[in-house]
1. Only one residue in Leu27, Leu111 is open to solvent by 80 Å² or more (accessible area, probe 1.4 Å), aliphatic (A, V, I, L, M) and without any contact (Cβ under 8 Å) to a residue 24 or more places away in the chain. Which one?
2. Return the only residue of Gln80, Gln97 being out of contact with any strand residue (DSSP E or B) (no Cβ under 9 Å at 6 or more places or on another chain), within 14 Å of Leu11 (Cα to Cα) and either open to solvent by less than 80 Å² (accessible area, probe 1.4 Å) or assigned to a loop (DSSP other than H, G, I, E, B) (or both).
3. Pairs under 6 Å by beta carbon, first residue free of Cβ contacts under 8 Å to residues at least 60 places away in the same chain in the stretch 31-58, partner open to solvent by 80 Å² or more (accessible area, probe 1.4 Å), six or more apart or different chains?
4. Exactly one condition in (1) among the acidic types (Asp, Glu); (2) open to solvent by less than 50 Å² (accessible area, probe 1.4 Å); (3) more than 12 Å from the chain's Cα centre (by Cα) is false for Asp66; which is it?
5. In the set Gly98, Gly68, which member is of a type in the set (Gly, Ala, Ser) and either at negative phi or touching a Leu at 6+ places or on another chain (Cβ under 7 Å) (or both)?
6. Being among the polar types (S, T, N, Q), assigned to a helix (DSSP H, G or I) and surrounded by fewer than 16 Cβ atoms within 10 Å (Cβ to Cβ): is that true of Gln56 here?
Amino acid sequence: MNGLYTILLLLLSNIFMTIAWYGHLKLQQTGVSSNWPLIGVIAFSWLIAFFEYCCQVPANRIGFIDNGGPFSLVQLKVIQECVSLGVFVIIANLMFQGESIHWNHILAFFLIICAVYLVFMK
């Protein structure tokens, strides 16, 4: 069960992370934040990133093998990267309609999934 909670928290964390990292670009495109000073954009992103950390830290604590979870440190990191790319693809396609995924992107994502497989091999 800890593994499922970990992955769900990582998913939620990465949604917040992706919005914090790239949401301000969408706000700029729509004109909402085009006049904001850089420090205002940074503060806005930090506010969103706070919720990312509220999910990321518990995910790692719950999922880490030394805390009773099923994952090693390396496994946690590779899972996080895989989840991050999946969330990024979905949010980028929703927020930035002009951004398209090409064959080399798909191949790169596939190779990351292969990395997840390799990390879990005994």
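The values are calculated or read from the model by the stated rules, or taken from the named source; none is laboratory data. Just so you know, these numbers come straight off a predicted model, no measurement behind them. Here the Cβ is made from the backbone with ideal geometry for all residues, glycine too, and neighbour counts use every protein chain on show. Note: areas computed on protein heavy atoms with side chains; ligands, DNA, RNA excluded. Shrake-Rupley method; radii C 1.70, N 1.55, O 1.52, S 1.80 Å.
1. Residue meeting the stated conditions: Leu111.
2. Working: Gln97 fails: within 14 Å of Leu11 (Cα to Cα).
Residue meeting the stated conditions: Gln80.
3. Here the result reads Ser34/Gln28, each pair linking the stretch 31-58 to a residue that is open to solvent by 80 Å² or more (accessible area, probe 1.4 Å).
4. (2)
5. Values: Gly68 fails: either at negative phi or touching a Leu at 6+ places or on another chain (Cβ under 7 Å) (or both).
Going through Gly98, Gly68 in turn, just one is of a type in the set (Gly, Ala, Ser) and either at negative phi or touching a Leu at 6+ places or on another chain (Cβ under 7 Å) (or both): Gly98.
6. Numbers: among the polar types (S, T, N, Q): yes; assigned to a helix (DSSP H, G or I): yes; surrounded by fewer than 16 Cβ atoms within 10 Å (Cβ to Cβ): no.
For Gln56, the condition - among the polar types (S, T, N, Q), assigned to a helix (DSSP H, G or I) and surrounded by fewer than 16 Cβ atoms within 10 Å (Cβ to Cβ) - is not met.
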